[in-house]
Amino acid sequence: MGRRAARWVTAGPSGLVAIAVCLTCAGCGGPDGDDAVHVALQLETALAAGQGPEACALLLPAAAEAVADRTGNSCDGGVVDLVGVSGADPAAAATTTAPRVAVAGRQAQVALSGDTVFLARDGEGWVVTAALCAARADRPYDCEVEAS
């Protein structure tokens, strides 16, 4: 496939495993966790509505470039095309009532009902580094949108 997979792995059906990371619910994740969840939900809302420009604005520039390179389209059009390829469900993800967030330093992982989103701190906020990710037992996530 030529894509690097996100480095977080799953531990079968029991859930997510990340070294030295505290899993918290969105409501008790603190400001950093809450902000990461907010950005992840904004992304899913934009994807569910087919709003490529809004979705791409939330991506790390390298991730937006990777979408354009992978699809042969602008990020705005390409990211919407990748939703169909991924099997992720942005509509379900956007309405997740209890997202799980793991924050480790300047990185975060937000597990939603229909997707898993990876983020990095960028100045004062969060940017999406990978999305439309499928968990694979004992292997890294396979992500359709990912910074290269």
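The values are calculated or read from the model by the stated rules, or taken from the named source; none is laboratory data. Just so it is clear, the structure is predicted and the values come from calculations on it, not from any experiment. Note that we place each Cβ from the backbone using ideal geometry, even for glycine, and neighbour counts take in every protein chain shown. With ligands, DNA and RNA removed, areas are computed over all heavy atoms of the protein, side chains included. Shrake-Rupley method; radii C 1.70, N 1.55, O 1.52, S 1.80 Å.
Before moving on, here are some points about what is shown:
- The range 98-110, residues that are of a type in the set (Gly, Ala, Ser) and either under 12 Å from Glu44 (Cβ atoms) or surrounded by fewer than 19 Cβ atoms within 10 Å (Cβ to Cβ) (or both): Ala98, Ala104, Gly105
To keep it simple, each residue is scored yes or no on (1) more than 12 Å from Asp32 (Cα to Cα); (2) exposed (fewer than 15 other Cβ atoms within 10 Å of the Cβ); (3) among the hydrophobic types (A, V, I, L, M, F, W, C); (4) within 14 Å of the chain's Cα centre (by Cα).
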{"residue": "Gly84", "(1), (2), (3), (4)": "yes, yes, no, no"}
{"residue": "Ser113", "(1), (2), (3), (4)": "yes, no, no, yes"}
{"residue": "Val117", "(1), (2), (3), (4)": "yes, no, yes, yes"}
{"residue": "Cys133", "(1), (2), (3), (4)": "yes, no, yes, yes"}
{"residue": "Pro140", "(1), (2), (3), (4)": "yes, no, no, yes"}
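- Every residue from the range 34-50 that is of a type in the set (Gly, Ala, Ser) and either free of Cβ contacts under 8 Å to residues at least 12 places away in the same chain or open to solvent by 70 Å² or more (accessible area, probe 1.4 Å) (or both): Ala49
- Taking the conditions (1) crowded, with 22+ Cβ neighbours inside 10 Å; (2) over 10 Å from the mean Cα position of the chain (by Cα); (3) charged (D, E, K, R) in turn, Glu124 satisfies each one other than (1).
- Residue list for the range 118-142, filter: part of a strand (DSSP E or B) and small (Gly, Ala, Ser): Ala120, Gly125, Ala130, Ala131, Ala134, Ala135, Ala137
- For first residues located in the range 51-71 and open to solvent by 80 Å² or more (accessible area, probe 1.4 Å), partners that are aliphatic (A, V, I, L, M) and lie 6+ apart or on another chain with Cβ distances below 7 Å form the pairs Glu54/Ala46.
- Residue that is within 15 Å of Thr96 (Cβ to Cβ) and at pLDDT 95 or above, where the choices are Ala26, Ala48, Ala40, Ala62: Ala40
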